[in-house]
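The values are calculated or read from the model by the stated rules, or taken from the named source; none is laboratory data. On a predicted model such as this, the values are computed, not experimentally measured, just so you know. Here Cβ is always computed from backbone atoms with ideal geometry, including for glycine, and neighbour counts include all displayed protein chains.
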Amino acid sequence: MNRTNILIGLVIICLCITQSGCFSVPHLFWPQKDIKTVELNKNSSQKVLIASRSSEFKDALVDKIKESFKDKPIYIKFIGLEGLKKEKDEKYNAVVMLNTCLSWDMDRNVKSFLKRHKDQSNMIVLTTSGDGNWKPKMKDQSFDAISAASKKENIDQVADIIITKFL
C-alpha cells in the first residue's frame, strides 16, 4: 500500500465516524451560536420552552414570539439548543425547537432531545433550510414538523404558525 491509499482510507474512516456520531462535517465548519436564556412570566402555570440557535432570522422570530406573549399569562423560557441537554419535556406544556438543516440532518441537540423523550406530542420542530422544504424524518415521530426558508418576509407568517400551535 502506498501513502496515498492510506491517507484516503484514513479520511474515509474519519468521515464515517463523524457522520455516525450525528455530528456532520458542516456542523464542524459552521458552528452556530445559541440564543441567550430569557424567561417571561415566571409565575404562570402554563409553561412553554423555546430552544434556538442564533441567526438573523431566528433572532427576529424569537423576538416576535416574545412580543406576542409578553402580556399573556404563559411562562416562556427561551434557551439555546445546547441547553436542551438539561431540560425535561414533562416540565412544559409545549416545547418548540428552532433547528437548521445542515447536511440533510437536524441539529444534533434537537435529535438527542427528541430521542430522549418518547412522548413528542407537545413538541414542535421548525427547521430552516435553503428552500424551506426540508423536514426531519425520524422513526415513530410524533412531533409537529414545520419547515421554512430563512427569509425576513417569512418571519410574521412562521411566528403565527408557531404561536397558534401552542395557544
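From (1) acidic (D, E); (2) at pLDDT below 90; (3) part of a helix (DSSP H, G or I), pick out the condition that doesn't hold for D71.
(3)
Could you check the stretch 102-120 and list, in sequence order, the residues that are outside any strand (DSSP E or B), out of contact with any helix residue (DSSP H, G or I) (no Cβ under 6 Å at 6 or more places or on another chain), in contact (Cβ under 8 Å) with a residue 40 or more places away in the chain and of a type outside the set (G, A, S)?
Residues satisfying the conditions are R108, V110, K111.
If you scan the stretch 32-51, which residues turn out to be over 15 Å from the mean Cα position of the chain (by Cα) and surrounded by 16 or more Cβ atoms within 10 Å (Cβ to Cβ)?
L40, N41, K47
From the list D144, D140, which residue is at pLDDT below 90 and over 20 Å from K47 (Cβ atoms)?
Of D144, D140, the one residue that is at pLDDT below 90 and over 20 Å from K47 (Cβ atoms) is D140.
It is to be established whether one or more residues within the stretch 85-94 are at pLDDT below 95, of a type in the set (F, W, Y), assigned to a helix (DSSP H, G or I) and within 24 Å of M123 (Cβ to Cβ).
no
Return yes or no: is I155 within 13 Å of the chain's Cα centre (by Cα), among the β-branched types (V, I, T) and modelled with pLDDT of 90 or more?
For I155, the condition - within 13 Å of the chain's Cα centre (by Cα), among the β-branched types (V, I, T) and modelled with pLDDT of 90 or more - is not met.
How many residues are modelled with pLDDT of 90 or more, in a loop (DSSP other than H, G, I, E, B) and of a type in the set (K, R) if we restrict to the stretch 34-53?
1
With the structure loaded, tell me whether E56 is in contact with a helix residue (DSSP H, G or I) (Cβ under 9 Å, 6 or more places away or on another chain), charged (D, E, K, R) and either farther than 27 Å from S121 by Cα or modelled with pLDDT of 90 or more (or both) or whether it fails that test.
Spelling it out, E56 is indeed in contact with a helix residue (DSSP H, G or I) (Cβ under 9 Å, 6 or more places away or on another chain), charged (D, E, K, R) and either farther than 27 Å from S121 by Cα or modelled with pLDDT of 90 or more (or both).
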